[in-house]
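Working notes, beginning with the structure itself.
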Amino acid sequence: MIRDITIGQYFNSTSPVHRLDARMKIILTLIFIISIFLCKNFASLGLMVAFAFFIVLLSKVPLKMVLKSMKPIAIIVVFTSLLNIFYIRGGTPLIDWKFIHITSNGIFTALFMAVRIASLVVVSSMLTYTTTPTMLTDGLEKLLSPLKLFKIPVATLAMMMTLALRFIPTLVDEIDRITNAQKARGANLDDGNFIQRVKALVPIIVPLFISSIRRAYELADAMDCRCYTGGPGRTRMKQMKFHASDFVSLGIMAIFIAGIVVLNHFFGAVLVK
Amino acid sequence: MPVLVLDGVTHLYNKGLPTEKKAIENINLSVEKGELVGIIGHTGSGKSTLMQHLNGILKPDTGTVIVDGADIWGNKKAVREARFKVGLCFQYPEYQLFEETVYKDIAFGPKNMGLRDNEVNKRVLRAADYVGLSRELLDKSPFDLSGGEKRRVAIAGVIAMEPKVLVLDEPTAGLDPRGRDKILDMIKNYREATESTVLLVSHSMEDVARVASKVLVMNKGKVEMFGTVEEVYAHSGELRKIGLNVPQVSKVFEILKSKGLDLGTVYTVDKAAQLILERGGAVK
Ligand SMILES: Nc1ncnc2c1ncn2[C@@H]1O[C@H](COP(=O)(O)OP(=O)(O)OP(=O)(O)O)[C@@H](O)[C@H]1O
Ligand SMILES: [Mg+2]
C-alpha cells in the first residue's frame, strides 16, 4: 500500500515535457489547475481532459504509472461523488423514491467533481514525474525569490523541500524493510481491532524514527563537511535558462485557456439554478 | 525427508511496470534436515530475494515453497506457520530493534507465537546464551549497545522462536574480524546443539567454508552450483568468472602447488595452519 504513494517520484525519460524549464512547468501547472475549475460544461471539460491526456502522451510517462498515482485517491473520488449524487438538489428530478432523491444536477456535479479531482492529481503528478526534485525546488526558489524582500529565507526553505522530497523514496523503502523484518518475527499487522492495529505499528515506527534521526545527523555532517552554510552568495552549478520551447508551451497554454473560455460561452453552464 | 523444498520459484519485482525486474528465476532446491547451507553470489544475484521466499515474506510469481512437507501458500494459516517454522534474520537486523530492554526485544517473536510467559522466559534466556549475551545486558536498552552486540540481540530475537530452519542474511556484514568470528562460532554451536537446519548468506567464501556443510552458488538470479564445499570450491575457474573468489589461502596453496610444493587443498586459515604444522612435523 505504501508503495502506491507516488508523490515526488521522477520518471526518467527525454521528452519535450521533461526538457521544459522547471519554472515554466510550475507556472503552467498552476494555470492548468485553475483551468480545471473554469470548465462549466461538458464541452470545456472534454477539452481539458483531452489536453491533459495530450500532455501525458507527450511526456512518454507510461499510462500505467499515471493511473497508479490515482489509486490512493480513488476512495475520496468515489465517496464525494456518492455524496454529490444524493445530496445536490436542483435541475430535473430523475429519481424520487422515499428518501432517495436524485437530480440531474446531482449527477452532473458528481461527474464534474470526479473528473476534476482526477485531472488535478494527474496534472500535478505530471509535474513531479517529469521534473527532478532538484530542478523542482530550484524552480520554486527562483519563482519565490521576490519574497526575500520580506526577509523570508527562500533558499533555506527550498533546500528543506529538496531534502524532504529526496527522502520520501528512502523512507518508503525503510518502512518496507522494517515491516518485513517484524513480520518475520510474527508481527501481525493485518488483523485485530483498531487499538491492536495501532499498537502493532509501534515495532515499525520506533525503528523508523531512530533511523531517520540517525540519517538526519549523518546528512548534516555530510553537508558540514562540504562547507554548506546556505544563505546568500550560494551559486548554482546549473543555471536555469528559458528556451524558445518554453514560450511556445506558454502560447499553447494560452490557446487552451482561450478554447475553454469560448466553449464555456457557447455551450452554457450545465448546472441549472 | 527434506525440510525445505523449492520448486521452480520465480520472482519479479515491480511486475507489469517498466521497471520490472526478474530477481530470481526457476529456482529448484532441496535442503535436508540438519544441514548448514552457505549461500554465496555476487551482489544483486538474488540471495536476499530468495531468502525472503522461505518464510512467505515474498510470494513467488510461479513455483512452490514447501516447508516441512506443507506448501506455505497452500492456505492462509500456512503462511503464518511458515513465519515461525523458518526464522529469517534480515541483512543489518540491528535496525529492527524497538523495545525498551533487550529482554523484551528478544521476547517479541515468542510472544507473537502466543506462548505462555514462563515458556517465553525460558526461550529468551536460552537464545541469549546461544548468542553469548550476558544476563546484565538483558535489562539494558538495546540502543545503548555496540553494533556487534545489537546484531547478536537481533539474531537472538529470531533464535528465540526456535525455528526449524534458521535463515541468516549476511549476519557478519560490517563487523570487525572478532565480531565476525563470534557470530560464526555461535552459528556453528547453535546448529550442533539444536540439530536445526541453517541457511547462511555470505559474501565471504572463507566464512562459508568455515561453517557450511553445503554451498549454494547464485548467479544472476539462478542457481549456478549446489554441492558440498569441496565440490563447489574445486570449480575455482567458474567461480571467478561470476565474480566470486575462492579464499585467499586457497589461492596461496594453489600457487605453492604450481611451484612444486603440494600441501593439499584448504579453504580456511585454521586448516592451512594445521596442514603447514603437520608438514613441518610439529603436530603428529
Ligand atoms: N524491492 C525491490 N524492488 C525492485 N528491485 C529489487 C528490490 N529488491 C531487490 N531488487 C533487485 O533484485 C535483484 C536481486 O536483489 P537481491 O537483494 O536479492 O540481491 P542480493 O544477492 O541479496 O545482493 P546483495 O549481496 O547486495 O545483498 C537486484 O538486481 C535488485 O536490484
Ligand atoms: Mg542481500
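Taking the conditions exactly as written (part of a helix (DSSP H, G or I) and either aliphatic (A, V, I, L, M) or touching a Lys or Arg at 6+ places or on another chain (Cβ under 6 Å) (or both)), does B:Leu137 satisfy them or not?
Here the answer is yes, as B:Leu137 does meet what is asked.
Just to verify a result, which residue in the range B:198-231, among those that are within 18 Å of B:Val131 (Cβ to Cβ) and away from ligand 2 (no atom under 16 Å from the Cβ), is surrounded by the fewest Cβ atoms within 10 Å (Cβ to Cβ)?
B:Val211
Give all pairs with beta carbons closer than 6 Å in which a residue from the range A:209-238 that is more than 14 Å from chain B (Cβ to nearest Cβ) and over 28 Å from A:Arg177 (Cβ atoms) meets a residue that is surrounded by 10 or more Cβ atoms within 10 Å (Cβ to Cβ) and β-branched (Val, Ile, Thr); count only pairs at least 6 apart in sequence or on separate chains.
A:Gly230/A:Thr156
Looking for whichever is in contact with a Ser or Thr (Cβ under 7 Å, 6 or more places away or on another chain) and crowded, with 18+ Cβ neighbours inside 10 Å here; the options are A:Ser125, A:Ser119. Which one fits?
A:Ser125
Suppose we filter A:Ala155, A:Ala181, A:Ala118 for residues that are assigned to a helix (DSSP H, G or I), within 16 Å of ligand 2 (Cβ to nearest atom) and of a type in the set (A, V, I, L, M, F, W, C); which single one remains?
None of the others qualify; the one that does is A:Ala181.
Can you tell me which residues in the range A:184-199 are part of a helix (DSSP H, G or I) and closer than 24 Å to B:Val167 by Cα?
A:Ala184
Could you check the range B:4-21 and list, in sequence order, the residues that are away from ligand 2 (no atom under 16 Å from the Cβ) and away from chain A (no Cβ under 14 Å)?
B:Leu4, B:Val5, B:Leu6, B:Asp7, B:Gly8, B:Val9, B:Thr10, B:Leu12
If the requirement is being within 14 Å of chain A (Cβ to nearest Cβ) and under 22 Å from the mean Cα position of the chain (by Cα), which of these qualifies: B:Gly44, B:Gly69, B:Gly56?
Within the list B:Gly44, B:Gly69, B:Gly56, the selection yields B:Gly56.
Hey, among B:Ile27, B:Ile106, B:Ile72, B:Ile57, which residue is farther than 30 Å from B:Glu238 by Cβ, within 16 Å of ligand 2 (Cβ to nearest atom) and either among the hydrophobic types (A, V, I, L, M, F, W, C) or crowded, with 20+ Cβ neighbours inside 10 Å (or both)?
Of the residues listed, the single one that is farther than 30 Å from B:Glu238 by Cβ, within 16 Å of ligand 2 (Cβ to nearest atom) and either among the hydrophobic types (A, V, I, L, M, F, W, C) or crowded, with 20+ Cβ neighbours inside 10 Å (or both) is B:Ile57.
Quick one: what pairs do we get from the range B:104-126, first residue within 14 Å of chain A (Cβ to nearest Cβ), second charged (D, E, K, R) and part of a helix (DSSP H, G or I), C-beta under 7 Å, 6+ apart or different chains?
Pairs that qualify, where the first residue is within 14 Å of chain A (Cβ to nearest Cβ) and the partner is charged (D, E, K, R) and part of a helix (DSSP H, G or I), are B:Pro110/B:Arg123; B:Val120/B:Lys111.
Here is a list of conditions, (1) over 19 Å from B:Lys164 (Cα atoms); (2) within 18 Å of the chain's Cα centre (by Cα); (3) of a type outside the set (D, E, K, R), and B:Phe84 meets all of them except one; can you say which number that is?
Single failed check for B:Phe84: (1).
Go through A:Ile102, A:Ile26 for me and flag whichever is assigned by TED's automatic domain parsing to the domain that holds A:Leu127 and in contact (Cβ under 8 Å) with a residue 40 or more places away in the chain.
Values: A:Ile102 fails: in contact (Cβ under 8 Å) with a residue 40 or more places away in the chain.
Just one listed residue meets the conditions, A:Ile26.
The values are calculated or read from the model by the stated rules, or taken from the named source; none is laboratory data. A quick note: this is a predicted structure, and the numbers were derived from the prediction, not measured. Note that we place each Cβ from the backbone using ideal geometry, even for glycine, and neighbour counts take in every protein chain shown.
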